[in-house]
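Q: One structure coming up, written as structure tokens, with questions to follow.
The values are calculated or read from the model by the stated rules, or taken from the named source; none is laboratory data. Remember, it's a predicted structure, so these values are computed and weren't measured experimentally. Glycine also receives a Cβ, built like all others from the backbone with ideal geometry; neighbour counts cover every protein chain displayed. Protein only, heavy atoms only, side chains kept; ligands, DNA and RNA dropped before computing areas. Shrake-Rupley method; radii C 1.70, N 1.55, O 1.52, S 1.80 Å.
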Amino acid sequence: MLTPICPLCGGEVVEKDVEKIVKGGNDVAILRVKAGVCEKCGERFYTKEVHKKIEEIRSELKQRTTELYKPIGRTYVYESVIE
Ligand SMILES: [Zn+2]
């Protein structure tokens, strides 16, 4: 299970469904994952299982074996840094 206390700031970690953006090659997938989120600093903690799944999806994206995902629009990269 996830640690209830944030190791970075000592804040309370609450389990939430969060959006995780995964990049593989030029493609991007937005996943909904369970994560522990620190209420104080916003740091996210993933379980080993979730982390492993994210890595799997990342490599699937690279290899384009993405039948499980459907396109919902394009993701653009703005070329310069916004300051
Ligand atoms: Zn924290």
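Q: If I filter the stretch 1-14 for residues that are of a type in the set (A, V, I, L, M) and out of contact with any strand residue (DSSP E or B) (no Cβ under 8 Å at 6 or more places or on another chain), do I get at least one hit? Can you show your working first?
A: Just the residues of the stretch 1-14 that are of a type in the set (A, V, I, L, M), to begin with: 1-2, 5, 8, 13-14.
When the remaining residues are screened for being out of contact with any strand residue (DSSP E or B) (no Cβ under 8 Å at 6 or more places or on another chain), the result is 1.
Scanning the stretch 1-14 turns up at least one residue that is of a type in the set (A, V, I, L, M) and out of contact with any strand residue (DSSP E or B) (no Cβ under 8 Å at 6 or more places or on another chain).
Q: Still on this structure: Out of (1) open to solvent by 70 Å² or more (accessible area, probe 1.4 Å); (2) within 16 Å of the ligand (Cβ to nearest atom); (3) under 29 Å from residue 72 (Cα atoms), what's the single condition that is false for residue 12?
A: (3)
Q: Which ones in the stretch 29-60 are part of a strand (DSSP E or B), under 11 Å from the mean Cα position of the chain (by Cα) and β-branched (Val, Ile, Thr)? Even if it seems obvious, please write down each step before you answer.
A: Within the stretch 29-60, the first condition is being part of a strand (DSSP E or B), and the residues that meet it are 29-38, 44-45.
After this cut, where a residue has to be under 11 Å from the mean Cα position of the chain (by Cα) as well, the list is 29-35, 44-45.
Residues satisfying the conditions are 30, 33.
Q: Which members of the stretch 28-58 meet the condition of being open to solvent by less than 50 Å² (accessible area, probe 1.4 Å) and free of Cβ contacts under 8 Å to residues at least 40 places away in the same chain? Walk me through how you get there before you give the answer.
A: Keep residues of the stretch 28-58 that are open to solvent by less than 50 Å² (accessible area, probe 1.4 Å), which gives 29, 31, 33, 35-38, 42, 45, 47, 50, 54, 57.
Scanning the stretch 28-58 gives 31, 33, 35, 36, 37, 38, 42, 50, 54, 57.
Q: Still on this structure, I have one more. Mind listing just one residue for me: the one in the stretch 61-83 that is part of a loop (DSSP other than H, G, I, E, B) and in contact with a strand residue (DSSP E or B) (Cβ under 6 Å, 6 or more places away or on another chain) and, of those, modelled with the highest pLDDT? Explain how you work it out, then say what you get.
A: The initial filter retains those residues of the stretch 61-83 that are part of a loop (DSSP other than H, G, I, E, B), namely 64-83.
If we keep only those that are in contact with a strand residue (DSSP E or B) (Cβ under 6 Å, 6 or more places away or on another chain) too, we end up with 69, 75.
Working: 69: 69, 75: 75.
Among those that are part of a loop (DSSP other than H, G, I, E, B) and in contact with a strand residue (DSSP E or B) (Cβ under 6 Å, 6 or more places away or on another chain), it is 75.
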